[in-house]
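Structure, as structure tokens:
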Amino acid sequence: MKYSKIVEGKFIDRPNRFIAHVEIDGKNHTVHVKNTGRCRELLIPGVKVLLEESDNPLRKTKYDLVTVWKKGMGWINIDSQAPNKIAAEWLAAQGFDYVKPEYTYGNSRIDFYMERDGEKYLMEVKGCTLEIDKVGYFPDAPTERGVKHLRELIKAVREGYHASVAFVIQMNGITEVRPNVETHPEFGVAWQEAADAGVEIKFIQCKVGKNTVTAICDY
């Protein structure tokens, strides 16, 4: 995926989960943060950030904060809309006969439904932006929705679907994601239950540039 117009700035602070203050060309701007997660280890005063400039003159904020520089890691994309776009591009190259996004299954909307050779597939997508000692972790905040999705996928496997959860790693050089049990123990339990039930855990590694995020391989 590619952003149309990217500018660089310096992060100042984040008054709430929706907006941040960023210095761009010596002027302070209020910008929209495209991630409602905590991102506390990334959004540190003074760090370099990348913003996508909107071409909508009616918007309250002119910029979306989408990428953050982390020392020792490089650019980390925090755009919560990016993982599904990246996953869609990745799925297009996997030889499925049919791919449908936003598929209603049970009491959830699963990100993708696919078909191949008469077999049915479900795939839920999660974005990973938290890195500790060169390992990715998910989630960075408690996610009851994430637990619900894993349990829906367990049910799907029992009903004959091929089910998977794909972690799109929104940073360079990280190949593995682990459950962040310190932040949300229940998610770790659900992860193990899903793996034991036959839900496939996929890691989609990405290359993050200044204006692009590209899936380069999966594990």
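The values are calculated or read from the model by the stated rules, or taken from the named source; none is laboratory data. Since the model is a prediction, treat every value here as computed from it, not as a measurement. Neighbour counts are summed over all protein chains in view; Cβ atoms, including those assigned to glycine, are modelled from backbone coordinates with ideal geometry.
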Single unsatisfied condition, Y103 versus (1) at negative phi; (2) of a type outside the set (G, A, S); (3) loosely packed, with under 13 Cβ neighbours inside 10 Å: (3)
Every residue from the stretch 143-169 that is assigned to a strand (DSSP E or B), under 21 Å from the mean Cα position of the chain (by Cα) and of a type outside the set (S, T, Y): A163, V165, A166, F167, V168, I169
Long-range neighbours under 8 Å by Cβ, at least six apart or interchain, first residue assigned by TED's automatic domain parsing to the domain that holds E131 within the stretch 26-48, second surrounded by 14 or more Cβ atoms within 10 Å (Cβ to Cβ) and of a type in the set (S, T, N, Q): none
Those residues of the stretch 98-114 which are under 19 Å from R158 (Cβ atoms) and not β-branched (V, I, T), in sequence order: Y103, Y105, G106, N107, S108, Y113, M114
Flag for E152 being surrounded by 16 or more Cβ atoms within 10 Å (Cβ to Cβ), acidic (D, E), more than 17 Å from K85 (Cβ to Cβ) and touching a residue at least 12 places away in the same chain (Cβ under 8 Å): yes
Test for H29: is it touching an Asp or Glu at 6+ places or on another chain (Cβ under 7 Å) and either crowded, with 16+ Cβ neighbours inside 10 Å or in a strand (DSSP E or B) (or both): no
Within the stretch 170-198, tally of residues that are free of Cβ contacts under 8 Å to residues at least 24 places away in the same chain and outside any helix (DSSP H, G or I): 2
Residues of the stretch 106-124 satisfying the condition of being of a type in the set (D, E, K, R) and either touching a Lys or Arg at 6+ places or on another chain (Cβ under 7 Å) or surrounded by fewer than 20 Cβ atoms within 10 Å (Cβ to Cβ) (or both): R109, E115, R116, D117, E119, K120
Flag for K27 being modelled with pLDDT under 95 and over 22 Å from the mean Cα position of the chain (by Cα): no
Candidates I44, I86 - the one that is in a helix (DSSP H, G or I) and not basic (K, R): I86
Selection from the stretch 106-142 of residues that are small (G, A, S), under 19 Å from V181 (Cβ atoms) and assigned to a strand (DSSP E or B): G127, G136
